[in-house]
Amino acid sequence: LNSTLALIEAQQQGAEETLLLSTDGFAAELASANLFWQKDGYLFTPPLSTGALAGTRRHLIMQEYEVVESLETADQIRHADALVATNSAYGA
């Protein structure tokens with residue numbers, strides 16, 4: 001329910017998606033997708049301990065690529081070279 005409400009609020013403000021934070025203020029996931037980001041040639045994702053969903057696409061990407069689980073704030077992620085949203089509903 002939290003993800004749905006966050007997505008509705010984001011869309012009401014003109015955004016397509018929103019970043020959800022852990023209770024400690026670290027990035028956890030997007031309202032409708034898992035989050036990955038690239039910085040300095042490395043691929044990162046929040047650890048499941050942030051409350052991130054253990055999505056099937058997340059799992060597949062972590063099997064195929066070297067991914068570092070990292071606690072990052074929204075501000076730190078803002079400076080990433082690229083952001084990637086993954087959700088099995090998005091297709092291959």
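The values are calculated or read from the model by the stated rules, or taken from the named source; none is laboratory data. This is a predicted model, so every value here is computed, not measured. The area values use the complete protein model at the heavy-atom level, side chains included, leaving out ligands, DNA and RNA. Shrake-Rupley method; radii C 1.70, N 1.55, O 1.52, S 1.80 Å.
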- Query: What length, rounded to one decimal in nm, is gained on full extension from A15 through to A85, with 0.36 nm per residue of separation minus their alpha-carbon distance?
  - Reply: 23.8 nm
- Message: Within the chain, what whole-number % of the accessible surface is contributed by carbon and sulfur, with the 1.4 Å probe and all protein chains included in the calculation?
- Response: 51 percent
- Message: At 1.4 Å probe size, what's the solvent-accessible area of D75? Round to the nearest 10 Å².
- Response: 80 Å²
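Kirkwood Rh over Cα pairs of the range 1-67 into Stokes-Einstein at 10 °C, 1.306 mPa s: D in µm²/s?
On the way: Rh = 12.7 Å.
Calculated translational D: 125 µm²/s.
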- Item | Angle between the chain longest axis and helix 2-12 axis [Cα atoms, degrees, rounded to 10] | 70 degrees
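With a 1.4 Å probe and all protein chains in place, put L30, L48 in order of accessible area, largest first. Display every interim value, and only then the final one.
Values: L30 25, L48 75 Å².
Solvent-accessible surface, decreasing: L48, L30.
Leaving out ligands and nucleic acids, and using a 1.4 Å probe, what accessible area per residue does the chain come to in Å²?
65 Å²
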